[in-house]
Amino acid sequence: MWCRSLACLLKVPCQLSGSTRHRSPWLPCDRRTVLAAAARWHHTAPESLKCAWQLHGDHLELRYANTLMRFDFVWLRDHCRSASCYNAKTNQRSLDTASVDLGIKPKAVRVDETTLFLTWPDGHVTRYGLEWLVKNSYEGQKQQVMHPRILWNAEIYRQAQVPSVDCRSFLETDEGLKEFLQNFLLYGIAFVENVTPTKEDTEILAERISLIRETIYGRMWYFTSDFSRGDTAYTKLALDRHTDTTYFQEPCGIQVFHCLKHEGTGGRTLLVDGFYAAEQVLRQAPDQFELLSKVPLKHEYVENVGDCHNHMIGVGPVLNVYPWNNELYLIRYNNYDRAVINTVPYDVVHRWYAAHRTLTTELRRPENELWVKLKPGKALFIDNWRVLHGREAFTGYRQLCGCYLTRDDVLNTARLLGLQA
C-alpha cells in the first residue's frame, strides 16, 4: 500500500549477429567461473532464464524471480550463514564485520537452480539460497510490506463487520488470542467483550498480550474528570482526534481503554484511521506527504499539579516512514501538545502549515469518523502509532481505566502465533 512502484530494471538485449563480442550477453555459464572471466551474464542452465548473474568490479548482479538485485561484495561476505560466521541456534552473527576487507572480491562464483556459491580469497565458501536473497535484498524489500493492513474509514470498517473477541476465549485459547491480534494488526483497533469491569481484570486482560508500560501516569490508571493531572483529558470537555504521548521520544505503542462506569450522557469515543487519511494525502499531494515525513517537530508536556512534576519533550515528524519503501509506520499527531515550532527554517514553515492543513482536513472528514460508545465489559485496544482517538463532551460521573502496552511485546506475541507483524 505504501510502497513506491519499483522501476522496471530489466531490459532484454537485442540479438546481434557478428563476432562473439557482439553476441547477446544471455549466454550459458560454466558451473564454476573465475572473476576475471565474468564480463557477461550467466545462467543456471543453457535453456533457462530463471536465474542469471554477472560480476562487476565491486558487486554481484543477480536476476531471479523477476527481480534484479545488486549485492555489494562486503555485504555478501558479512551475511554468510556458515557455522563459523553465524550461530544458527541464537540467530546471531559470529563474524566480526570490521575484520572483512572492504576491497574483498570472490575468487569464484557458482549458481545452481536454488543456491549461490561464493568462494573467497582465503578459500572460505559462502552459500545463499536464491529465495533468501530475493527476500533479503534491498530490491526485494522495496516490493514487500512490513506490516499488512486494511486501511479504513467508518463505512469500510462497518462493512467489514470485524467481530469482538469474547474475554474467556481471549484469555484461555490461542485461537481467540490469534483472532484478536489479527484484527488488531489489520485495523489498528480491536475489542474484547464480557470483561469484568474492574481495574484488576483489565490488567489481566492487558498482560495476556504484553508487558504493561509504566509511564508518568503510572502502570494502570483510573481516568476521571477530576482535574487530578495537568491534561485536558482529565476534564469533561470534548477532545479532538489525537495520538497519545507524542511528547515521548518513543510514543506508547498500544493503549487500552475500559469504561468501568458512566452515569450521565455523551462521552462517545472517536476513532480515526490516521494511515487512511495519510494515504489520501499521499495520493493527492505527495510533496506534502514527503514534507510531513521529514520535518522534525517538538511535542511537549509540562505538568505541575500536586505531587506530579514532569517536563517531557519528544521530537519527530508527523509521519514516520521506512525509507526503503515509503511505508508509513507511525503518525505523531497531537495539536494540543505540539510545542513551539523552532526546528524549521522560515522558508519551510508555511509549506509545512499547508501540508498539516491538508492532513487535518482528511482526519476531520465526517466519513472517516468511527464513533463508539464504550460500556462496562467492553475493552478497546488502540494502535497509538496509527489510530487517532478523541471523545465528545459528557455529563455526569464517568470512570475509565486502562494502560499502555509495549509495542514490541504485542508484535512478539503475534509472531509467535504465526502472524506477520
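Among the criteria (1) assigned to a loop (DSSP other than H, G, I, E, B); (2) touching a residue at least 24 places away in the same chain (Cβ under 8 Å), the one PRO323 does not fulfil is (2). For region 270-308, a residue qualifies if it is under 16 Å from TRP152 (Cβ atoms), in a strand (DSSP E or B) and either at pLDDT below 95 or not acidic (Asp, Glu) (or both), and the qualifying residues are LEU270, LEU271, VAL272.
If you go through region 395-419 and pick out every residue that is surrounded by fewer than 20 Cβ atoms within 10 Å (Cβ to Cβ), of a type in the set (A, V, I, L, M, F, W, C) and modelled with pLDDT under 95, you end up with 0.
Conditions tested, residue by residue: (1) free of Cβ contacts under 8 Å to residues at least 60 places away in the same chain; (2) farther than 30 Å from TRP371 by Cβ.
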{"position": "VAL111", "(1), (2)": "no, yes"}
{"position": "PRO121", "(1), (2)": "yes, yes"}
{"position": "TYR128", "(1), (2)": "yes, yes"}
{"position": "GLN141", "(1), (2)": "no, yes"}
{"position": "PHE170", "(1), (2)": "yes, no"}
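Comparison of TYR333, TYR322 shows that the only residue that is of a type in the set (Ser, Thr, Tyr) and open to solvent by 20 Å² or more (accessible area, probe 1.4 Å) is TYR322. Residues of region 110-124 that are over 36 Å from the mean Cα position of the chain (by Cα) and either crowded, with 20+ Cβ neighbours inside 10 Å or not in a loop (DSSP other than H, G, I, E, B) (or both): ARG110, THR119.
Scan region 339-381 residue by residue and report those that are outside any loop (DSSP other than H, G, I, E, B), more than 29 Å from ILE150 (Cβ to Cβ) and either modelled with pLDDT under 95 or open to solvent by 10 Å² or more (accessible area, probe 1.4 Å) (or both).
At the first step, the residues of region 339-381 found to be outside any loop (DSSP other than H, G, I, E, B) are 346-363, 366-368, 370-372, 379-381.
Now drop any that are not more than 29 Å from ILE150 (Cβ to Cβ), which leaves 346-354.
Selection gives TYR346, ASP347, VAL348, VAL349, HIS350, ARG351, TYR353, ALA354.
Residue check: is GLY306 open to solvent by 60 Å² or more (accessible area, probe 1.4 Å) and among the small types (Gly, Ala, Ser)? It is true that GLY306 is open to solvent by 60 Å² or more (accessible area, probe 1.4 Å) and among the small types (Gly, Ala, Ser).
The values are calculated or read from the model by the stated rules, or taken from the named source; none is laboratory data. This one's a predicted model, so the numbers in the text were calculated from it and none came from an experiment. Quick reminder, even Gly has a Cβ in these numbers, built from the backbone with ideal geometry, and neighbours come from all protein chains shown. For accessibility, only protein heavy atoms count, side chains too; no ligands or nucleic acids. Shrake-Rupley method; radii C 1.70, N 1.55, O 1.52, S 1.80 Å.
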